[in-house]
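Contents: one structure, followed by commentary.
The values are calculated or read from the model by the stated rules, or taken from the named source; none is laboratory data. It should be emphasised that the depicted structure is a prediction, and the values quoted were computed from it without experimental measurement. Note that we place each Cβ from the backbone using ideal geometry, even for glycine, and neighbour counts take in every protein chain shown. Areas reflect the complete protein model, heavy atoms only, side chains present, ligands, DNA and RNA absent. Shrake-Rupley method; radii C 1.70, N 1.55, O 1.52, S 1.80 Å.
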Amino acid sequence: MKKLLIILLLFTGCNYKELNNIAIVTGIYIEYNNQYKIDIMVSKNKNIIYHTKGKTINKALDNLSIPKQLYLGHLNIVIINKNANKKMQEITNYFNNNYEVSKNFYIMMSNNNILKIIAKLDPFPFNKISLIKISDNHLTYDKYIKNNLEKGYSYIPIVEYKDNYLTTKKSILIRGIK
(Lines give C-alpha, C1' and ligand atoms only; values in the text may rest on other atoms or scores of the structure.)
Protein backbone atom coordinates (compact mmCIF):
# COMPACT_ATOMS: atom_id res chain seq x y z
CA MET A 1 0.00 0.00 0.00
CA LYS A 2 2.84 2.39 0.83
CA LYS A 3 4.47 1.70 -2.55
CA LEU A 4 1.22 2.48 -4.35
CA LEU A 5 0.84 5.75 -2.43
CA ILE A 6 4.42 6.78 -3.24
CA ILE A 7 3.94 5.95 -6.94
CA LEU A 8 0.69 7.94 -7.06
CA LEU A 9 2.35 10.94 -5.42
CA LEU A 10 5.25 10.82 -7.87
CA PHE A 11 3.08 10.70 -10.98
CA THR A 12 0.36 13.17 -10.12
CA GLY A 13 0.79 16.75 -11.19
CA CYS A 14 -0.56 19.85 -9.60
CA ASN A 15 -2.14 22.57 -11.70
CA TYR A 16 -2.30 25.01 -8.79
CA LYS A 17 -1.27 28.56 -9.55
CA GLU A 18 -0.63 31.14 -6.88
CA LEU A 19 -3.18 33.93 -7.44
CA ASN A 20 -0.59 36.57 -6.66
CA ASN A 21 1.58 35.30 -9.52
CA ILE A 22 -1.01 35.37 -12.31
CA ALA A 23 -2.72 38.13 -14.25
CA ILE A 24 -6.35 37.21 -14.93
CA VAL A 25 -7.13 38.28 -18.50
CA THR A 26 -10.79 39.14 -19.05
CA GLY A 27 -10.58 40.88 -22.42
CA ILE A 28 -8.37 41.00 -25.52
CA TYR A 29 -8.34 43.45 -28.42
CA ILE A 30 -6.48 42.34 -31.57
CA GLU A 31 -5.42 44.60 -34.41
CA TYR A 32 -3.22 43.73 -37.40
CA ASN A 33 -1.19 46.00 -39.66
CA ASN A 34 1.97 44.12 -40.76
CA GLN A 35 2.20 42.91 -37.15
CA TYR A 36 -0.21 42.15 -34.33
CA LYS A 37 -1.05 44.97 -31.93
CA ILE A 38 -2.77 43.49 -28.91
CA ASP A 39 -4.35 45.03 -25.83
CA ILE A 40 -4.86 42.76 -22.84
CA MET A 41 -7.34 43.71 -20.11
CA VAL A 42 -6.33 42.32 -16.74
CA SER A 43 -8.89 42.53 -13.93
CA LYS A 44 -8.20 42.52 -10.23
CA ASN A 45 -9.39 45.47 -8.12
CA LYS A 46 -9.52 47.55 -11.29
CA ASN A 47 -9.09 46.92 -15.00
CA ILE A 48 -5.64 47.54 -16.41
CA ILE A 49 -4.87 47.53 -20.13
CA TYR A 50 -1.45 46.32 -21.30
CA HIS A 51 -0.24 46.94 -24.86
CA THR A 52 2.04 44.69 -26.87
CA LYS A 53 2.95 43.91 -30.46
CA GLY A 54 4.70 41.22 -32.46
CA LYS A 55 4.77 39.31 -35.75
CA THR A 56 2.55 36.54 -34.30
CA ILE A 57 0.09 36.49 -31.41
CA ASN A 58 2.45 34.31 -29.37
CA LYS A 59 5.41 36.63 -30.02
CA ALA A 60 3.31 39.65 -29.13
CA LEU A 61 2.28 38.06 -25.82
CA ASP A 62 5.90 37.04 -25.17
CA ASN A 63 6.88 40.71 -25.65
CA LEU A 64 4.36 41.82 -23.03
CA SER A 65 6.00 43.61 -20.12
CA ILE A 66 4.09 42.29 -17.15
CA PRO A 67 5.61 40.68 -14.05
CA LYS A 68 2.93 38.00 -13.85
CA GLN A 69 1.94 35.00 -15.94
CA LEU A 70 -1.13 35.57 -18.11
CA TYR A 71 -4.10 33.39 -17.27
CA LEU A 72 -6.81 33.18 -19.95
CA GLY A 73 -9.19 30.85 -18.10
CA HIS A 74 -11.59 33.72 -17.31
CA LEU A 75 -11.52 35.37 -20.72
CA ASN A 76 -14.88 37.02 -21.40
CA ILE A 77 -14.47 38.98 -24.61
CA VAL A 78 -12.23 39.14 -27.68
CA ILE A 79 -12.62 42.14 -29.95
CA ILE A 80 -10.93 41.97 -33.32
CA ASN A 81 -10.31 45.10 -35.33
CA LYS A 82 -11.93 44.82 -38.75
CA ASN A 83 -8.54 45.16 -40.45
CA ALA A 84 -7.45 41.91 -38.77
CA ASN A 85 -10.22 39.80 -40.35
CA LYS A 86 -7.71 38.59 -42.96
CA LYS A 87 -5.83 36.92 -40.06
CA MET A 88 -8.83 35.03 -38.66
CA GLN A 89 -7.24 31.63 -39.32
CA GLU A 90 -4.19 32.55 -37.20
CA ILE A 91 -6.37 34.09 -34.49
CA THR A 92 -8.61 31.02 -34.45
CA ASN A 93 -5.60 28.71 -34.28
CA TYR A 94 -4.25 30.61 -31.27
CA PHE A 95 -7.46 30.24 -29.25
CA ASN A 96 -8.04 26.64 -30.36
CA ASN A 97 -4.54 25.63 -29.29
CA ASN A 98 -4.62 27.40 -25.92
CA TYR A 99 -5.83 24.82 -23.41
CA GLU A 100 -6.48 27.42 -20.66
CA VAL A 101 -9.11 29.34 -22.59
CA SER A 102 -12.71 28.36 -22.03
CA LYS A 103 -14.27 28.64 -25.46
CA ASN A 104 -17.46 30.46 -24.46
CA PHE A 105 -16.17 34.03 -24.53
CA TYR A 106 -17.82 36.63 -26.76
CA ILE A 107 -16.10 37.29 -30.10
CA MET A 108 -16.77 40.56 -31.90
CA MET A 109 -15.32 42.92 -34.49
CA SER A 110 -15.05 46.67 -34.25
CA ASN A 111 -13.53 49.68 -35.97
CA ASN A 112 -12.39 51.02 -32.58
CA ASN A 113 -10.70 49.66 -29.51
CA ILE A 114 -13.85 49.18 -27.44
CA LEU A 115 -11.84 47.29 -24.82
CA LYS A 116 -10.52 50.64 -23.53
CA ILE A 117 -14.10 51.81 -23.01
CA ILE A 118 -15.14 48.57 -21.31
CA ALA A 119 -12.13 48.78 -18.98
CA LYS A 120 -13.40 52.10 -17.60
CA LEU A 121 -16.85 50.76 -16.73
CA ASP A 122 -16.24 48.46 -13.80
CA PRO A 123 -13.51 46.13 -12.52
CA PHE A 124 -15.62 43.19 -13.61
CA PRO A 125 -17.97 44.65 -16.23
CA PHE A 126 -19.05 41.24 -17.51
CA ASN A 127 -20.69 40.46 -14.20
CA LYS A 128 -23.03 43.42 -14.74
CA ILE A 129 -24.87 42.53 -17.92
CA SER A 130 -26.97 45.71 -17.61
CA LEU A 131 -23.83 47.74 -18.40
CA ILE A 132 -23.14 45.82 -21.57
CA LYS A 133 -26.17 45.25 -23.72
CA ILE A 134 -25.28 42.97 -26.58
CA SER A 135 -28.09 42.44 -29.06
CA ASP A 136 -29.52 39.09 -30.06
CA ASN A 137 -26.81 38.45 -32.63
CA HIS A 138 -24.02 38.10 -30.07
CA LEU A 139 -21.64 35.26 -30.75
CA THR A 140 -19.59 33.07 -28.48
CA TYR A 141 -16.34 31.59 -29.72
CA ASP A 142 -17.54 27.99 -29.50
CA LYS A 143 -20.59 28.87 -31.62
CA TYR A 144 -18.32 30.65 -34.13
CA ILE A 145 -16.19 27.49 -34.47
CA LYS A 146 -19.26 25.23 -34.67
CA ASN A 147 -20.78 27.37 -37.45
CA ASN A 148 -17.54 27.27 -39.43
CA LEU A 149 -17.19 23.51 -39.09
CA GLU A 150 -20.82 22.77 -39.97
CA LYS A 151 -21.58 25.46 -42.55
CA GLY A 152 -18.15 26.60 -43.70
CA TYR A 153 -18.80 30.17 -42.60
CA SER A 154 -19.85 32.29 -39.64
CA TYR A 155 -21.01 35.86 -39.08
CA ILE A 156 -19.19 37.87 -36.42
CA PRO A 157 -21.07 40.89 -35.06
CA ILE A 158 -19.57 44.35 -35.53
CA VAL A 159 -19.94 46.29 -32.29
CA GLU A 160 -20.14 49.98 -31.50
CA TYR A 161 -20.25 51.73 -28.16
CA LYS A 162 -23.23 54.06 -27.93
CA ASP A 163 -25.19 55.47 -24.99
CA ASN A 164 -23.28 53.34 -22.43
CA TYR A 165 -24.03 50.13 -24.29
CA LEU A 166 -22.28 47.92 -26.76
CA THR A 167 -24.58 47.58 -29.72
CA THR A 168 -24.41 45.52 -32.89
CA LYS A 169 -26.02 46.51 -36.16
CA LYS A 170 -24.02 44.60 -38.75
CA SER A 171 -22.03 41.40 -39.00
CA ILE A 172 -19.04 40.39 -41.07
CA LEU A 173 -18.89 37.08 -42.93
CA ILE A 174 -15.88 34.86 -42.14
CA ARG A 175 -15.33 31.81 -44.34
CA GLY A 176 -13.01 28.85 -44.41
CA ILE A 177 -11.81 28.68 -40.81
CA LYS A 178 -10.56 25.18 -39.98
Being closer than 15 Å to I174 by Cα, of a type in the set (A, V, I, L, M) and modelled with pLDDT under 90, is that true of even one residue in region 47-69?
-> no
Is it true that some residue in region 149-157 is over 26 Å from A23 (Cβ atoms), modelled with pLDDT of 75 or more and basic (K, R)?
-> yes
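Do we have I79 as buried (at least 20 other Cβ atoms within 10 Å of the Cβ), touching a Gly at 6+ places or on another chain (Cβ under 9 Å) and either over 27 Å from G176 (Cβ atoms) or modelled with pLDDT of 90 or more (or both) here? Outline the logic, then answer.
Details: buried (at least 20 other Cβ atoms within 10 Å of the Cβ): yes; touching a Gly at 6+ places or on another chain (Cβ under 9 Å): yes; either over 27 Å from G176 (Cβ atoms) or modelled with pLDDT of 90 or more (or both): yes.
For I79, the condition - buried (at least 20 other Cβ atoms within 10 Å of the Cβ), touching a Gly at 6+ places or on another chain (Cβ under 9 Å) and either over 27 Å from G176 (Cβ atoms) or modelled with pLDDT of 90 or more (or both) - is met.
May I ask you to verify whether I134 is at pLDDT below 85, closer than 26 Å to N47 by Cβ and open to solvent by less than 90 Å² (accessible area, probe 1.4 Å)? Steps first, please.
Working: at pLDDT below 85: yes; closer than 26 Å to N47 by Cβ: yes; open to solvent by less than 90 Å² (accessible area, probe 1.4 Å): yes.
Considered against the rule, which asks whether it is at pLDDT below 85, closer than 26 Å to N47 by Cβ and open to solvent by less than 90 Å² (accessible area, probe 1.4 Å), I134 comes out as yes.
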From the option list D163, D142, single residue qualifying as exposed (fewer than 13 other Cβ atoms within 10 Å of the Cβ) and either at pLDDT 70 or above or farther than 25 Å from N93 by Cβ (or both) is D163
Just checking, how many residues over region 145-159 are in contact with a strand residue (DSSP E or B) (Cβ under 8 Å, 6 or more places away or on another chain), loosely packed, with under 15 Cβ neighbours inside 10 Å and of a type outside the set (F, W, Y)?
-> 1
Restricted to region 84-94, and to residues that are closer than 18 Å to Y155 by Cβ and of a type outside the set (S, T, Y), which residue is surrounded by the fewest Cβ atoms within 10 Å (Cβ to Cβ)?
-> K86
Among the candidates Y99, Y32, Y71, Y50, which residue alone is free of Cβ contacts under 8 Å to residues at least 12 places away in the same chain, open to solvent by 10 Å² or more (accessible area, probe 1.4 Å) and more than 19 Å from H138 (Cα to Cα)?
-> Y99
Taking N112 as the residue in question, decide whether it is open to solvent by 10 Å² or more (accessible area, probe 1.4 Å) and at pLDDT below 90.
-> yes
